[in-house]
Amino acid sequence: MKDANFLKANNARSIWHPMTAPADSMAQPPVILTGASGVRIKDIDGHEVVDAVGGLWNVNLGYSCQPVKDAIAAQLDALPYYSTFRGTSNDKVIELAEELRTFFEPDGLTRAFFTSGGSDSVETALKLARQYHKIRGEAGRIKFLSLKKGYHGTHFGGASVNGNANFRLAYEPLLPGCHHIPAPYTYRNPFNESDPAKLAGLCLAALEDEIAFQGAGTIAAFIMEPILGAGGVIPPHPSFMPGVEAICRKNGILLIADEVITAFGRTGAWTGSRLWGVKPDFSCTAKAITNAYFPFGAVMIAEGVAQVFEGDTSGKAAIGHGYTYSGHPVGAAAALACLAETKRLKVNENAAARGAELFAGIKSLMEQYELIGDVRGGHGLMVAMELVADRTTKKPADKAVTARVQETAYREGAMVRVSGPNIILSPPLVVTSADVQTILSALDAGLAAA
Ligand SMILES: Cc1ncc(COP(=O)(O)O)c(C=O)c1O
């Protein structure tokens, strides 16, 4: 391995990092990580902290999950790769599809289409939604609806349904026929409504209005995260997603749940759809499906949709979509081991209990620090605080202020994530109460230094 001087001298020199300007990475070189164990990560200087980001909402079982590592190593020996394109399959992916069918049965999802990650899963669901309507003879249903503030990855389809200008403007023109409605975000919304139930009703009315305006017969699907994650942890009122589901059903529009973050226990429920009692037509998963140890994803498909594809005799159901790594045997082996550990450890229960502690702790920091304008969470280990320069005007805090909170928190023992004015917390689902206290005291120090 190259020595520390070499690595520091070349940090960000020949690599462009996602989600930041190349010049910013050179001016503010990224932290170089060299190790991890349990829920802790270690940098090149030997500084070790609790990872309150959980990798990127995906290292749910922590960094020392031996059964997953063993499964990957064994699979590399047995069959490191084969394609699952027409004509070939592998033992692990067949077994995984059956396991997922059981896991997602309460959500009404019974088939799997495998991908290499979240953006791929979103792209797959969007395309299969259009194809579903074409098979059924409604070829005019091509548009997509989604929420402002939603995040659905970075491919052109996903970017087109994304609700954040940061991921759109530089890449326009995006896909035509994608329309957005206001998110049930109580802190800021066009209705000036802070009551969650009333706001949910207003957003649902906006959805009905948009459908009437576009014409229901032109819309293929509505896509949403059960709890908006990257947009700053926005949990809707419990009436919202069931309301969306009912409106979609009434209008023949498919419902795509983007569960890239919420599937496999993060919200305290096994899936975000189950949290709200909703049965989507597609569910996009990735991230925790392999605990991040292998890039992998699965789109889960509802029985009713599956029957339309499987019962087609016209030839329109041939799937002209897929990835070289769809159903990768090493990913499938990792996912099988991961699913077994996820269920054995009942990580959803720990996510609920530790999430409640973290949410309560952040709310009490809000009483202490004027800088915190809003705190959002209450459903497992997805918590955010929105920093403001002034609580009355809600002017977002300066970049330099959020950076100071993050840097100090890191020095004091926790890696936290900054996204715009939000500090987002999404630690592994296996954190202990002591880890939660470490995160809270590091943030306390960060806020005090800001
Ligand atoms: C809800 C959601 N959808 C899609 C994605 C994209 O996943 P990936 O980065 O694996 O492509 C993400 C990533 O954070 C996500 O949070």
Gain on full stretching of the segment that runs from residue 172 to residue 321 - 0.36 nm per residue minus C-alpha separation: 51.3 nm
Calculated log₁₀ intensity ratio I(q)/I(0) where the Debye formula runs over C-alpha points of region 14-149, q = 0.17 Å⁻¹: -1.26
Listed residue (162, 175, 80) projecting farthest to the positive dipole end of region 68-344, Cβ model: 175
Equivalent-ellipsoid semi-axes of region 1-85, from the Cα gyration tensor, Å, largest first: 29, 19, 15
Of 69/127; 134/198; 149/399, pairs whose Cα-Cα distance is over 30 Å: 69/127; 134/198
Mean shadow area of region 183-311, taken as a quarter of the surface of its Cα convex hull (nm²): 8.8
Contact order normalised by residue count of region 68-344, Cα under 8 Å, 6+ apart, percent: 30
GNM top mover of 162, 90, 422 - the chain, alpha-carbon springs below 10 Å: 90
Peptide ranges 66-75, 393-402, 246-255 listed from the most packed, as the mean C-beta count within 10 angstrom indicates: 246-255, 66-75, 393-402
Estimated FRET transfer efficiency (residue 165, residue 79; beta-carbon r; R0 51 Å; 0.05): 0.70
Sorted largest first, extent of the chain alpha carbons per principal axis (Å): 65, 58, 41
Helix runs (DSSP H) in the chain reaching 30 Å along axis by Cα, Kyte-Doolittle at least -0.5: 347-368
CD proxy at 222 nm, helix term only [per DSSP H run n ≥ 4: -39500 (n - 2.57); per residue of the chain; nearest 500]: -12000 deg cm²/dmol
Proximal aspartates and glutamates to residue 394, defined as alpha-carbon separation beneath 19 angstrom and excluding residues fewer than eight positions away on the same chain: 193, 195, 367, 370, 374, 386
For the chain, built as a Gaussian network whose Cα springs stay under 10 Å, the top-fluctuating residue of 80, 182, 295: 80
Whole-Å distance, taken between Cα centres, linking region 152-177 and region 225-255: 19
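Each value in this text was obtained by applying a stated rule to the coordinates, not by laboratory testing. In this text, all values refer to a predicted model and were calculated from it rather than measured experimentally. Heads up, the Cβs are rebuilt from the backbone with ideal geometry, glycines too, and the neighbour counts pull from every protein chain shown.
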